[in-house]
Amino acid sequence: MERLKEYQQKRRFTKTAEPAPKKKSSRSGKLFVIQKHRASHLHYDLRLEMDGVLKSWAVPKGPSMDPAVRRLAMVVEDHPIDYADFEGIIPEGEYGGGTVMIWDRGTYIAEGDLAAGLSKGELKFTLQGSKLKGSWVLVRTSGRQWLLIKHRDQHASADDITLSAPRSVLTQRSLAEIAKDEGGNVAKAATGDPLVLPRVVSRKDRPKRRAPATSAKSTR
Ligand code: MN
């Protein structure tokens, strides 16, 4: 698979749990995933499925729901489709060594032609994730350097979603919990978790929806 050559060359699949390229496309063909990655530095890897690979950008500060905030997004090598299922540990000393979390995942809708957008340096898309929704743009500023910006719509917000929703969308684990479960460096992983970690609210503990006013009144 010639076009994933850089991905393959950077990794030793006898050492890392990361997948070797196999699957050619997802069911939707429009998969997106954001992986929170505590490697030498904490960053969020935004990946969009295009033409059988995951086009990838490393976003050091992660996405912002605030349209006034522009987040640096550096192009990294294309990843295989199977990578969207990877949550776990990359051994220290290997490329990207550290803890990886599936922070958000879903599908996206391209706004306009993707191939043209990539070469032009302006990609517009709508995300349909669990955390990230609504319209976004990636704009190239120079070389491998792009900016990730939220468009103004009903999903725009001043809430810092990296702090309010820091857990894995798949397993509800924090980075430290993933490292602990999978035999990684827990202390290093914990530096990527927010100081105040929202607790996991199980379905049965969620507050029940308030009863309609009429029935509430009748109990008095
Ligand atoms: Mn990464």
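What follows draws every value from the coordinates through simple rules; no lab data is involved. Quantities reported herein were computed from a predicted structural model and do not represent experimental measurements. Because the Cβ atoms are built from the backbone with ideal geometry, glycine has one as well, and the counts that use them run over all protein chains shown.
Put simply, when 4-15, 139-150, 167-178 are sorted by average Cβ atoms within 10 angstrom per residue, most first, you get 167-178, 139-150, 4-15. For Lys36, a cut-off of 17 angstrom between C-alpha atoms picks up these lysines, skipping any fewer than 8 places away in its own chain: Lys55, Lys61, Lys131, Lys180, Lys188. The alpha-carbon positions of the range 1-126 define a convex hull whose volume is 108 Å³ per residue. Scaled against the 2.2 N^0.38 Å expected of a compact globular protein of N residues, the Cα radius of gyration of the range 153-192 reads 1.46. Helical runs assigned H by DSSP (4 residues or longer) give the chain a calculated mean residue ellipticity at 222 nm of -3500 deg cm²/dmol, each run adding -39500 (n - 2.57) before division by the residue total. Diffusion coefficient (Stokes-Einstein, Kirkwood radius over C-alpha pairs, 10 °C, 1.306 mPa s) for the chain: 85 µm²/s, rounded to a whole number. Here the Karplus relation 6.51 cos²θ - 1.76 cosθ + 1.60, evaluated at θ = phi - 60°, turns the backbone of the range 30-44 into coupling constants of 9, 7, 10, 9, 10, 9, 7, 10, 8, 9, 5, 9, 6, 7, 10 Hz, with x for every Gly and Pro.
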